[in-house]
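Report on the following structure.
The values are calculated or read from the model by the stated rules, or taken from the named source; none is laboratory data. Predicted model, so just to flag it, every value in this text is computed and none were measured. Each accessible area value is taken on the protein alone, full model and side chains, heavy atoms only, with ligands, DNA and RNA left out. Shrake-Rupley method; radii C 1.70, N 1.55, O 1.52, S 1.80 Å.
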Amino acid sequence: QVQLVESGGGLVQPGGSLRLSCAASGILFSNYGIGWYRQAPEKQRELVAQITIGGMTNYGDSVKGRFTVSRDNAKRAVYLQMNSMKPEDTAVYYCNCKVRGRDYWGQGTQVTVSS
């Protein structure tokens, strides 16, 4: 079955960096785009970044210029490099893959930006 596992979250100070990873199994990874989403307390889940099978990327307005999404098909992984982080980046971060019309989500990884 399709499984997505996020890792790399933690506590970081404002202005700092973190790199999240999403490891996928159960799919022919190179055939699917992957998205990163986040959900802060009492807020709706929002798109952070997407990467297509061809490596094209798309970002949410609030992270453009600060976050970079990439993929390594050999490792079946997608990464989210987060720089110049702000307290408002605090959220649970999820990776997502749509397979045959169904959305699959990882369990999420907590990111907290605080001094």
Boolean, THR90 is closer than 23 Å to GLN13 by Cα and under 12 Å from the mean Cα position of the chain (by Cα): no
Filtered residues of region 91-112 (kept if open to solvent by 10 Å² or more (accessible area, probe 1.4 Å) and part of a strand (DSSP E or B)): VAL92, TYR94, ASN96, LYS98, ARG102, ASP103, TYR104, TRP105, THR109, GLN110, THR112
